[in-house]
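Heads up, the thing below is written out as structure tokens.
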Amino acid sequence: MANNDELFKQIISHAKEYGFIFPSSEIYDGMSAVYDYAQLGVELKNNIKQYWWKAMVQYNENIVGIDSAIFMHPTIWKASGHVDAFNDPLIDNKDSKKRYRADVLIEDYLQKLEDKNEKEVEKAKKKFENFDEKLFKETNPNILRNQEKINSVSSRFAELMNQSDLVGIKSLIEELEIVCPVSGSKNWTDVRQFNLMFSTQMGSVSEGADTIYLRPETAQGIFVNFINVYKTGRMKIPFGIAQIGKAFRNEIVARQFIFRMREFEQMEMQFFVRPGEEIKWFEYWKNERINWHKSLGIDLANYRFHDHDKLAHYANAATDIEFNFPFGFKELEGIHSRTDYDLSQHEKFSGKKLRYFDPETNESYIPYVIETSIGVDRMFLAVLGNSFTEETLADGSQRVVLKIPPVLAPYKVAVLPLVKKDGLPEKAREIMDLLKMKMMCQYDEKDAIGRRYRRQDAIGTPYCITVDNQSLEDNTVTIRERDTMLQKRVPISEILQSIIL
RNA sequence: GCGGAAGUAGCUCAUUUGGUAGAGCGACAGCCUUCCAAGCUGUAGGUAGCGGGUUCGAGACCCGUCUUCCGCUCCA
């Protein structure tokens, strides 16, 4: 673990040193868990997005893309459940310094009372023959007392939660004499609301301005456009809508570099299917998505599926593709069978029909949805972390090389005159001008050739094209491959065919 | 939010108990070099996170603050 911590630090520091990722607002002391993508980082990030977009939208005839606004109608977040489901009341115990969800503390308390009653029943069962459980429950004074308490606390609790009465929730906790499981004390802080969503005001005048939210997921932008896309795109089920975009979540702790940020980017695809066929398509997309990762050539041992036991309120199947980050296996991508929850909710809240007419079955229905959702930043970290390699070469020298999949590499080639004289720079410039129309290229004539190779290794450039004296005679160059460091000589006219991206 | 550790040049770090900041790497300019870092010369770059205090004197000691890392709480 210590080694991995060390590795992670090296990756972060390499990312800064070579211009992949900078801490945000660094000259003003930075912002916690906010990062800027720098000159190389933005290339890698864009390439990841493009690789995904091509695999989803370009390759699949029945998937189209959209780019919906970050601002959306506030009711969307009521419909999606985000307003209610993600306002957790939190409370701290001052002695143990532990933080709890206030509602969970009360639920646990209720559970204890239930357990108590169960025990009474068990006890009585052993004691009496011809035991009538129903009668016992209706007459035993202990059980009745507990049950009454459960009922009254439950209803008060529900009432308080409904009204978001934080003060009331705290007094209920005090009244019930709930203690911290760790410290055993009743020394509680006030209950505070934790809001998942960032809110802001739309409208230039503060009075009468509407509170709106920065979207916590891009998915809703797809759902609310479902009917528009279906109709204008002449889409037939099954079909998908893809989107790449920023999302914002007020995480309690945003940590681990770009793994968990409050502002992040998602690549999501919602696939609309006939009800009853969702599990088939869930399996289909599980397979498709892992194949996408596979196609990048990253060691499969770094991936694993993690099926959810506890499903979210809207899902009937869910799995994560986890990646072996330097800090362990963590969620990289989620594949969820979201049922018809979202579209049904939007139908209810908007009052608009969000149904698909299926000409094959002659039925109209709300489609079921399979979602694939991957974090761009997490993918970036996966690629960067997996690429980072320190090698000791045969001659005992060391090199740091980013073995980024060539298709994702910020620069595809570097054009290098072997020496900075004899007309080699001019020749190299010609090649540079030729190639830069096609791909990201870097020209470098400074320092010894070996040093320049190492520089390109450090930023993950897969190919170095070197111009030497022979190039002047027969128009050939050498192409050096990053990972193997092997070179081959090819005619300038065949450079493009010789590099695999 | 709490606890622990840390913050000196782009990076990694030094500065022996407080005496006025240094190295390596890197970058840049040039020299040398016909294929894999560490040859030569030169240049730039730090009000030591920030603010305050103690002191004749603070990078070092004290307080505050900000930021980062590790752990805990939460995570569709």
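Things to note:
- Reach of A:Lys352 by Cα under 19 Å, taken over lysines that are not fewer than 8 positions away in the same chain: A:Lys78, A:Lys231
- Taking N as its residue count, the alpha carbon Rg of chain A over 2.2 N^0.38 Å: 1.26
- At an R0 of 41 angstrom, the distance between the Cβ atoms of A:Ser199 and A:Asp299 translates into a FRET efficiency of 0.45.
- Measuring against 27 Å, Cα to Cα, the residue pairs A:Lys9/A:Lys330; A:Lys330/A:Lys353; A:Lys49/A:Lys488; A:Lys49/A:Lys420; A:Lys9/A:Lys420; A:Lys45/A:Lys488 contain A:Lys330/A:Lys353; A:Lys49/A:Lys488; A:Lys49/A:Lys420; A:Lys9/A:Lys420; A:Lys45/A:Lys488 as the ones spanning a longer distance.
- Cut-off of 10 Å, at most 11 other beta carbons, DSSP loop: longest stretch of chain A lacking such GluC sites (Glu not before Pro): A:208-359
- The spacing between segment A:108-182 and segment A:441-455, judged by their C-alpha centroids, is 74 Å.
- Counting only DSSP beta bridges whose two residues both lie in chain A, roughly 85 percent are antiparallel.
- Amide H contacts for A:Val477 (H built 1.01 Å from N in the peptide plane; partners 5 or more residues away or on another chain; cut-off under 5 Å): A:Val490, A:Ile492.
- In summary, the aspartates and glutamates within cross-link reach of A:Lys54, defined as a Cα separation below 14 angstrom excluding same-chain residues under 8 places away, comprise A:Glu268, A:Glu288.
- Per-residue [θ]222 nm for chain A (sum of -39500 (n - 2.57) over DSSP H runs n ≥ 4, rounded to 500): -11500 deg cm²/dmol
- Crossing angle, helix A:2-17 versus chain A [Cα axis fit, 0-90 degrees, rounded to tens]: 60 degrees
- Counted residue by residue at 0.36 nm each, then reduced by the alpha carbon distance between them, the extension gain from A:Asn362 to A:Gln111 reaches 85.5 nm.
- Nearest-ten-degree value, helix A:102-127 long axis tilted from longest Cα axis of chain A: 50 degrees
- For segment A:488-501, 3J(HN,Hα) per residue [Karplus equation, 6.51 cos²θ - 1.76 cosθ + 1.60, θ = phi - 60°, Hz, x = Gly/Pro]: 9, 9, 9, x, 4, 5, 10, 4, 4, 6, 8, 9, 9, 10
- Fraction of beta bridges assigned by DSSP in segment A:411-498 that are antiparallel (%, nearest 5): 55 percent
- Extension gain from A:Lys149 to A:Lys49, taking 0.36 nm per residue of separation minus the Cα-Cα distance: 30.5 nm
- Principal-axis tilt of helix A:166-175 within chain A, Cα atoms, nearest 10 degrees: 50 degrees
- The alpha-carbon of A:Lys137 sits under 28 angstrom from the alpha-carbons of these lysines, leaving out residues fewer than 8 places away in its chain: A:Lys112, A:Lys116, A:Lys119, A:Lys123, A:Lys125, A:Lys126, A:Lys127, A:Lys149.
Throughout, read-outs are computed from the coordinates displayed, never taken from laboratory work. Computed from a prediction, not measured in an experiment: that's the story for all the values here. Positions of Cβ are generated from backbone atoms using ideal geometry, with glycine treated the same way; all protein chains shown enter the neighbour counts.
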